[in-house]
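Data block below; observations after.
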Amino acid sequence: MDFQSCVNIKKEWDIVGARQLGRDISRKIGFGTVDQARIATAISELARNIYLYAGTGKVCFEAVEDMNKKGISIVAMDEGPGIQDISQVMEDGFTTSGGLGAGLPGVKRLMDDFDIVSETGKGTEIRVVKWLR
Ligand SMILES: Nc1ncnc2c1ncn2[C@@H]1O[C@H](COP(=O)(O)OP(=O)(O)OP(=O)(O)O)[C@@H](O)[C@H]1O
Ligand SMILES: [Mg+2]
């Protein structure tokens, strides 16, 4: 709404940059420190998945307003291999990389809205929103 900014994810250090920018934007919107930490953690997980599974992509932030609510929208997008079975990757413990498989289920728990659009061979777009209350 007011602004949209994106961080390109190309190298591991970009994950830290995305996390920091997301935290700054969420603070400016009015989130408290606990929610800022939740939002920053969600951003890290999404950015790390881009780095690990797609190689490159970007994470975009936007201040959003719906009726009388304010929030932050985060869109993580890549043109990587995509996700074949979305319900499977949303299960706690599902991983193809020997990770904990906690990333995406964790992001869903930390945020209010969670949507994945993914097509095999084309890429993945994950949009999450946290509302200020
Ligand atoms: N952007 C993406 N593109 C392609 N596949 C993805 C993407 N993000 C996640 N995945 C797939 O979904 C699986 C589950 O992701 P999730 O983040 O929940 O767990 P993980 O990355 O395996 O482990 P953890 O995040 O706990 O270290 C991954 O193992 C991977 O196969
Ligand atoms: Mg992960």
Item to complete: Considering each residue of the stretch 49-98, count those that are aromatic (Phe, Trp, Tyr), touching a strand residue (DSSP E or B) at 6+ places or on another chain (Cβ under 6 Å) and more than 25 Å from GLY17 (Cβ to Cβ), and give that number.
Response: 0
Worksheet item: Tell me, which helices (runs of 4 or more DSSP H) lie completely within the stretch 27-133 with 3 or more residues that are among the small types (Gly, Ala, Ser) and more than 7 Å from ligand 1 (Cβ to nearest atom)?
Response: 33-49
Practice prompt. Please specify each residue of the stretch 92-133 satisfying the condition of being more than 10 Å from ligand 2 (Cβ to nearest atom), small (Gly, Ala, Ser) and either without any contact (Cβ under 8 Å) to a residue 40 or more places away in the chain or over 22 Å from GLY55 (Cβ atoms) (or both).
Written response: GLY93, GLY98, SER118
Worksheet item: Do any residues in the stretch 7-22 that are modelled with pLDDT of 95 or more have Cβ atoms under 8 Å from those of residues that are open to solvent by less than 90 Å² (accessible area, probe 1.4 Å) and of a type in the set (D, E, K, R), where the two are at least six apart or on different chains, and which pairs are they?
Response: VAL7/ASP14; VAL7/LYS58; ASN8/ASP14; ASN8/LYS58; ILE9/LYS58; ILE9/ASP78
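Test GLU12 against the stated conditions and say whether it is open to solvent by 50 Å² or more (accessible area, probe 1.4 Å), within 15 Å of VAL128 (Cα to Cα) and either touching a Phe, Trp or Tyr at 6+ places or on another chain (Cβ under 9 Å) or within 16 Å of ligand 1 (Cβ to nearest atom) (or both).
Working: open to solvent by 50 Å² or more (accessible area, probe 1.4 Å): yes; within 15 Å of VAL128 (Cα to Cα): no; either touching a Phe, Trp or Tyr at 6+ places or on another chain (Cβ under 9 Å) or within 16 Å of ligand 1 (Cβ to nearest atom) (or both): yes.
No: the conditions fail for GLU12.
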Worksheet item: In the set ILE72, ILE39, ILE43, ILE29, which member is at pLDDT 95 or above, closer than 21 Å to GLN4 by Cβ and within 13 Å of ligand 2 (Cβ to nearest atom)?
Response: ILE43
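The values are calculated or read from the model by the stated rules, or taken from the named source; none is laboratory data. What you are looking at is a predicted structure, and each value in this text was computed from that prediction instead of being measured. Every residue, glycine among them, receives a Cβ derived from its backbone with ideal geometry; neighbour counts consider all protein chains shown. To get the accessible areas, we keep the full protein, side chains included, count just its heavy atoms, and leave off ligands, DNA and RNA. Shrake-Rupley method; radii C 1.70, N 1.55, O 1.52, S 1.80 Å.
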